[in-house]
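What follows is one structure encoded as structure tokens, with my remarks underneath.
The values are calculated or read from the model by the stated rules, or taken from the named source; none is laboratory data. Here the structure is a predicted model, which is why all the values come from computation and not from measurement. Ideal geometry is used to build each Cβ from the backbone, glycine not excepted, and the neighbour counts take in all protein chains shown. Each accessible area value is taken on the protein alone, full model and side chains, heavy atoms only, with ligands, DNA and RNA left out. Shrake-Rupley method; radii C 1.70, N 1.55, O 1.52, S 1.80 Å.
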Amino acid sequence: GPPPPPPRPAPPRLIAQLSSALLSYCRLLTAGLPTGVPAASPASRAVAGRGGEGGGGGDEGPAAAVAAEVVAEADEQTRRLERQRAALHVLRTFSPREAARDRVGWGASLQAVVEKIGLDSAAQRRFAALLEELHAHDVDSLCVRAASAAFVRDSLGGRHGLLARLRDAAEHARCALPMEHFAAARSCLDEAFEHVCDYISVKVVFGDLRASLLLGLYAPSPHAARISAPLRTLDGTLGALHRMLPTEWTRRRVLFHVFRATCAAFEAVLLDPSSVRDYALDDVTVFSHDLRLMQDFFVAENEVGEPQGVTHVEAEECLASLKLLLGILDTRSEVLVELIARPASISTTLVGHQNFRQHELYVLLAGKVLSKRTDSAARSWKAAPVRGAVS
């Protein structure tokens with residue numbers, strides 16, 4: 001007769017192998033994103049090499065060895081994602097050259113211009129390299145990564161998912177699963193998925209829409225270039241994203257990240273440190289109108305008032321600092337200087353937001369607004385030797 005089938009690995013061994021396979025997948029999922037993924041560590045190579053072994057019976061020694069390697073590789077994956085998040089943080093604002101844009105007169109020397117815009121700075125070169133990497137990725141391939149990660153995630157969970165079947169097998173064999181090791185691998189998968197969604201948002205907002213949104217919005221004045229034009233371009237991009245992402249949950253996660261990135265770009269525009277944008281107190285009316293337009297665009301309620309995109313809770317979370325900033329932009333410099341000097345008085349301007357984080361953020365944003373203004377109160381504040389907690 002036919003030979004008997006080989007013995008199945010015990011559930012603890014299987015869960016260890018599944019954990020190592022998940023971490024190998026996480027490396028592939030984030031491969032090539034700035035700052036690039038380093039070569040696999042010795043621990044990860046050992047995990048990859050052992051992942052396909054059959055294992056035997058109830059021997060928990062090999063499972064324990066793989067589990068230890070899973071923990072080491074999970075730590076390395078976490079550090080890798082931290083480096084990649086740092087790269088994205090650099091891209092979420094103006095480059096040193098863009099931040100130094102100025103209406104330089106013809107009388108300025110060439111050396112002064114070079115120093116002003118930072119043509120030769122290491123920070124500018126690093127930014128340019130990261131932006132080039134960002135443009136090298138296309139949205140289609142990034143959406144494939146997000147969709148595949150969501151599929152793996154769904155395959156693990158649910159009543160009939162792989163994890164549920166392993167639990168049943170462990171209960172039948174009367175053995176415990178090393179779930180703490182699987183939890184570390186599963187956490188890495190969730191973080192890698194969110195990072196890919198975040199990268200898609202930075203690619204769309206700070207890459208593809210950089211010229212019209214970050215550099216073009218409200219330049220040279222708020223009435224010259226409104227947010228409606230970037231939103232029209234974004235509408236086409238989001239339509240393409242909707243077609244490429246197969247599940248509603250995945251689409252909503254990507255949309256949330258795009259909305260958060262758009263809010264970050266809007267805030268960067270309002271705090272533009274260069275002198276190419278001129279704002280007045282009454283411009284806040286334009287900003288408030290565009291902010292509502294942007295919120296309605298991403299929430300997109302249906303005929304019964306249900307949000308079809310970003311939820312109201314998510315929208316409020318992303319818009320909190322922007323709304324705080326609009327209140328600051330609508331405040332005269334003399335009042336801002338007084339509020340910064342006496343932070344306790346800020347409470348009267350933060351009805352419903354009486355917490356330390358809001359106070360801290362208010363002082364920080366007020367300092368940035370004053371640094372950009374050129375009226376006498378702002379100039380006196382900037383000339384003062386000590387400016388409290390804000391510089």
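Across the range 216-233, what is the total count of residues that are part of a helix (DSSP H, G or I), surrounded by fewer than 17 Cβ atoms within 10 Å (Cβ to Cβ) and either of a type outside the set (D, E, K, R) or touching a strand residue (DSSP E or B) at 6+ places or on another chain (Cβ under 9 Å) (or both)?
Filtering the range 216-233 for residues part of a helix (DSSP H, G or I) gives 228-233.
In the following step, the residues that additionally are surrounded by fewer than 17 Cβ atoms within 10 Å (Cβ to Cβ) were identified as 228-229, 232-233.
In the following step, the residues that additionally are either of a type outside the set (D, E, K, R) or touching a strand residue (DSSP E or B) at 6+ places or on another chain (Cβ under 9 Å) (or both) were identified as 228-229, 233.
The qualifying residues number 3.
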- Message: Based on this model, can you work out whether residue 286 counts as outside any helix (DSSP H, G or I), touching a residue at least 12 places away in the same chain (Cβ under 8 Å) and either among the aliphatic types (A, V, I, L, M) or open to solvent by less than 50 Å² (accessible area, probe 1.4 Å) (or both)?
- Response: no
- In this structure, does residue 151 turn out to be open to solvent by less than 70 Å² (accessible area, probe 1.4 Å) and either within 30 Å of residue 184 (Cβ to Cβ) or at pLDDT 90 or above (or both)? no
- Message: Looking at the range 243-267, I want the residues that are over 13 Å from residue 315 (Cα atoms) and of a type outside the set (Lys, Arg) and have a partner that is open to solvent by 40 Å² or more (accessible area, probe 1.4 Å) and part of a helix (DSSP H, G or I) with Cβ atoms under 6 Å, at least 6 apart or on another chain. Which pairs are those?
- Response: 245/251
- Query: Of the numbered conditions (1) at pLDDT below 85; (2) surrounded by 19 or more Cβ atoms within 10 Å (Cβ to Cβ); (3) not in a helix (DSSP H, G or I), residue 57 satisfies every one except a single condition; which is it?
  - Reply: (2)
- Kindly indicate whether any position in the range 115-132 is in contact with a Leu (Cβ under 6 Å, 6 or more places away or on another chain) and modelled with pLDDT of 85 or more. yes
- Quick one: is residue 310 of a type outside the set (S, T, N, Q), open to solvent by less than 90 Å² (accessible area, probe 1.4 Å), more than 22 Å from residue 254 (Cα to Cα) and in contact (Cβ under 8 Å) with a residue 12 or more places away in the chain? no
- Note on the structure: Considering residues that are crowded, with 22+ Cβ neighbours inside 10 Å and outside any helix (DSSP H, G or I), the number found within the range 245-270 is 1
- Note on the structure: Among the residues of the range 135-148, the number that are more than 15 Å from residue 192 (Cβ to Cβ) and open to solvent by 50 Å² or more (accessible area, probe 1.4 Å) is 4
- Condition check for residue 192: surrounded by fewer than 22 Cβ atoms within 10 Å (Cβ to Cβ) and of a type in the set (A, V, I, L, M, F, W, C): no
- Query: Checking residue 277 against (1) assigned to a helix (DSSP H, G or I); (2) of a type outside the set (A, V, I, L, M); (3) over 24 Å from residue 190 (Cα atoms), which single condition isn't satisfied?
  - Reply: (1)
